[in-house]
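**Student:** Following this message is one structure expressed as structure tokens.
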Amino acid sequence: MDMSKDNEKVRRILHFKFTLPGASEQIVAMIKSSAPIYQMFSNATVRLLQNVDDPNRFLQEIEYDAPAAMELNRQQFASDPRVQAYLQGWRQMFPGSIELDVYKLL
């Protein structure tokens, strides 16, 4: 068995786009404080961006290295109950739509 295949990583960029009417500093601080959660993926970087033309619109960008095996099974990963619970928590905190996109570097 080739162990190097088991350790392969792929770089991904995740975008959470959401609207947060009347965002308070406390809510923004709470979002920023979630950054350590993403350290479960190696080399994760997290940024929270606010739209300058519409201050109620936000984009949280998370760039991380994911195991290649997980990428091959991303649909299975997305349907994992723990992932679903995490996303449900986001939906409850932020009424309105949340867009979630996954990108790769070219």
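**Student:** Pop a pseudo-label 7 angstrom from the Cα along the beta-carbon direction at both residue 28 and residue 8 and give the gap in nm to one decimal.
**Tutor:** The modelled label-to-label distance comes out at 4.2 nm.
**Student:** Near the amide H of residue 8, under 5 Å away, which other amide H atoms are found, from residues 5 or more places off or on another chain, if H is placed in the peptide plane?
**Tutor:** Amide H neighbours of residue 8: 68.
Values in this text are rule-based calculations from the coordinates and carry no lab data. No experiment lies behind these values; they were computed from the predicted model shown. So basically every Cβ, Gly included, is an ideal-geometry build from the backbone, and we count neighbours across all protein chains shown.
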